[in-house]
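This report concerns only the one structure given below.
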Amino acid sequence: MREVQTSFGNVLFPEGRTLSARDLEILQAYLIPEADIKRAGLEHSDLLEAAEDDKDKAQPLSSLHQSFLKMEKLLKHTFHMMGPGQKLPVFEIRGGLKDLLDHIEDYHVLTFMPPYDPAAEPWIRGSVLSALTAYQLARWMKLPDKDWVPVALSGLLHDIGNTRIDATILRKPGRLTTDELTEMRQHTVYGYKLLEGVTSLNQGIILTALQHHERIDGSGYPMKATGDKIHPYAKIVAIADMYHAMTSARAYRNAQSPYNVLEQLQKEAFGKLDPLMIQCFIERNTQFYNGMLVQLNDNRVGEIVFTDRANPTRPMVSIFGDIVNLAKERNLFITAVYSS
């Protein structure tokens, strides 16, 4: 192949390099759409024809992605129908959640990307993501098996109070005014009132709608609850909710890197979030990622080769054989994670 350069003019691959499967992933990570290559045994015309065939093949959605979209569609329909006196279709919601959780082994918090949908509502999509992540954290924390699905259901329904918030506030592209923020914070109370009369939901699910913005030092809302007064389900969903809010793009800000968010959550844990849950969340989300492709803030792409338990968000990264120890080179950090 001919020399390949990044958008900054740095040499990514030298001329004459034989491409491997990993090299193709690196090209994708750098968003390089094409490279001048010669494939042994094929003429140039054959290569063009093969490329056109590949271009025309639509990538089918995975079972996890299909179930995700079905759950999101069901939740969107349900929330939009939540008028006065309307009953929550708990049976249907549980069925959709069960289908989604059947694919939980394919879900990886740091690398899962929901299918692109311009009509998706961020807070509804965030609820489905929070359900998946809360379920994982409940398992990692070794909660009893009987709590796993209720925790996921807590994540799914934690923002149901948004159905009582003015749509112009929910969809406002910029930051909220003080009055708008005060109204927005009422979604926790609205959610509690919507769920408290649903006899088929346990108390943890109902309290999560009320308490997912509470913090153990009393700095949260709406009741400024502290410590053990916050239900464990709400503590789990608070972590999932914050993670997905920070790693999702908004009209007024870009999405943040998963590793940067983990570092921020680690700092936030001091006095606010449950420290044992945060420690578990960070350790379990980083220990499986040796071999993952990541991009650093200097735009280089490398492969994680070692993760130190003392610095789980700052692993060692191999960049074409050169090892970068992020625990020591504090000016560098991971800005993107690529699924392999």
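The values are calculated or read from the model by the stated rules, or taken from the named source; none is laboratory data. None of the values given here were measured: they were computed from a predicted structure. For neighbour counting, all protein chains shown are included, and Cβ atoms are generated from backbone atoms with ideal geometry for every residue, glycine included. Surface accessibility is based on the protein's heavy atoms, side chains included, excluding ligands, DNA and RNA. Shrake-Rupley method; radii C 1.70, N 1.55, O 1.52, S 1.80 Å.
Quick check on region 121-170: of everything there that is without any contact (Cβ under 8 Å) to a residue 24 or more places away in the chain and closer than 19 Å to residue 252 by Cβ, which residue is surrounded by the fewest Cβ atoms within 10 Å (Cβ to Cβ)?
By that ranking, first place goes to 168.
Based on what the data block shows, is residue 234 under 19 Å from residue 127 (Cβ atoms), part of a loop (DSSP other than H, G, I, E, B) and touching a helix residue (DSSP H, G or I) at 6+ places or on another chain (Cβ under 6 Å)?
Working: under 19 Å from residue 127 (Cβ atoms): yes; part of a loop (DSSP other than H, G, I, E, B): no; touching a helix residue (DSSP H, G or I) at 6+ places or on another chain (Cβ under 6 Å): yes.
Answer is no for this residue.
Anything in region 271-290 that is open to solvent by 10 Å² or more (accessible area, probe 1.4 Å) and either assigned to a helix (DSSP H, G or I) or farther than 13 Å from residue 140 by Cβ (or both)? List them, or say none. Reasoning before the result, please.
Within region 271-290, the subset open to solvent by 10 Å² or more (accessible area, probe 1.4 Å) is 271-272, 274-277, 279-280, 283-284, 287-290.
Result: 271, 272, 275, 276, 277, 279, 280, 283, 284, 289, 290.
Mind listing whichever residues of region 98-120 are at pLDDT 95 or above and open to solvent by 50 Å² or more (accessible area, probe 1.4 Å)?
Scanning region 98-120 gives 98, 99, 102, 105, 106.
Criterion first (at pLDDT 65 or above, open to solvent by less than 60 Å² (accessible area, probe 1.4 Å) and polar (S, T, N, Q)) does residue 78 satisfy it? Walk me through it before giving the result.
Details: at pLDDT 65 or above: yes; open to solvent by less than 60 Å² (accessible area, probe 1.4 Å): yes; polar (S, T, N, Q): yes.
Criteria met by residue 78.
State which residue is farthest from residue 127 (Cα to Cα) when the search covers only region 254-300 and only residues that are free of Cβ contacts under 8 Å to residues at least 24 places away in the same chain and under 16 Å from the mean Cα position of the chain (by Cα).
So, considering only residues that are free of Cβ contacts under 8 Å to residues at least 24 places away in the same chain and under 16 Å from the mean Cα position of the chain (by Cα), the one farthest from residue 127 (Cα to Cα) is 264.
Going through 272, 267 one at a time, which residue ends up being modelled with pLDDT of 90 or more and more than 22 Å from residue 338 (Cβ to Cβ)?
Working: 267 fails: modelled with pLDDT of 90 or more.
Of the residues listed, the single one that is modelled with pLDDT of 90 or more and more than 22 Å from residue 338 (Cβ to Cβ) is 272.
Pick from 284, 330: which is of a type in the set (Lys, Arg) and closer than 19 Å to residue 109 by Cβ? Before you say what the answer is, go through the steps one by one.
On the way: 330 fails: closer than 19 Å to residue 109 by Cβ.
Of 284, 330, the one residue that is of a type in the set (Lys, Arg) and closer than 19 Å to residue 109 by Cβ is 284.
Given the criterion of a type in the set (A, V, I, L, M, F, W, C) and touching a Phe, Trp or Tyr at 6+ places or on another chain (Cβ under 7 Å), identify the matching residue among 74, 69, 64.
On the way: 74 fails: touching a Phe, Trp or Tyr at 6+ places or on another chain (Cβ under 7 Å); 69 fails: touching a Phe, Trp or Tyr at 6+ places or on another chain (Cβ under 7 Å).
From the options 74, 69, 64, the qualifying one is 64.
Let's see how each residue does on (1) within 22 Å of the chain's Cα centre (by Cα); (2) part of a helix (DSSP H, G or I); (3) at pLDDT 95 or above:
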{"position": "132", "(1), (2), (3)": "yes, yes, yes"}
{"position": "137", "(1), (2), (3)": "yes, yes, yes"}
{"position": "146", "(1), (2), (3)": "no, yes, yes"}
{"position": "150", "(1), (2), (3)": "yes, yes, yes"}
{"position": "154", "(1), (2), (3)": "yes, yes, yes"}
{"position": "168", "(1), (2), (3)": "no, yes, no"}
{"position": "181", "(1), (2), (3)": "no, yes, yes"}
{"position": "184", "(1), (2), (3)": "no, yes, yes"}
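Taking into account only those residues within region 212-230 that are of a type in the set (Gly, Ala, Ser) and out of contact with any helix residue (DSSP H, G or I) (no Cβ under 7 Å at 6 or more places or on another chain), which is nearest to residue 278 (Cα to Cα)? Break it down into steps so the answer makes sense when it comes.
So the first thing to find is which residues in region 212-230 are of a type in the set (Gly, Ala, Ser), and the list is 218-220, 225, 227.
With the extra rule that they be out of contact with any helix residue (DSSP H, G or I) (no Cβ under 7 Å at 6 or more places or on another chain), the set shrinks to 218-220, 227.
On the way: 218: 18, 219: 18, 220: 17, 227: 15 Å.
Per the criteria, the residue is 227.
For residue 185, only one of the following conditions fails: (1) open to solvent by 50 Å² or more (accessible area, probe 1.4 Å); (2) in contact with a His (Cβ under 8 Å, 6 or more places away or on another chain); (3) in contact (Cβ under 8 Å) with a residue 40 or more places away in the chain. What is its number?
Against the list (1) open to solvent by 50 Å² or more (accessible area, probe 1.4 Å); (2) in contact with a His (Cβ under 8 Å, 6 or more places away or on another chain); (3) in contact (Cβ under 8 Å) with a residue 40 or more places away in the chain, residue 185 comes up short only on (3).
Test residue 262 against the criterion of being modelled with pLDDT of 90 or more, surrounded by 19 or more Cβ atoms within 10 Å (Cβ to Cβ) and not basic (Lys, Arg), and give yes or no.
Numbers: modelled with pLDDT of 90 or more: yes; surrounded by 19 or more Cβ atoms within 10 Å (Cβ to Cβ): yes; not basic (Lys, Arg): yes.
Taking the combined requirement at face value, the residue satisfies it.
Mind listing just one residue for me: the one in region 308-335 that is open to solvent by 30 Å² or more (accessible area, probe 1.4 Å) and of a type in the set (Val, Ile, Thr) and, of those, nearest to the chain's Cα centre (by Cα)?
So, considering only residues that are open to solvent by 30 Å² or more (accessible area, probe 1.4 Å) and of a type in the set (Val, Ile, Thr), the one nearest to the chain's Cα centre (by Cα) is 335.
So how many residues does region 190-217 have that are open to solvent by less than 30 Å² (accessible area, probe 1.4 Å), without any contact (Cβ under 8 Å) to a residue 60 or more places away in the chain and either out of contact with any strand residue (DSSP E or B) (no Cβ under 9 Å at 6 or more places or on another chain) or not in a loop (DSSP other than H, G, I, E, B) (or both)?
9
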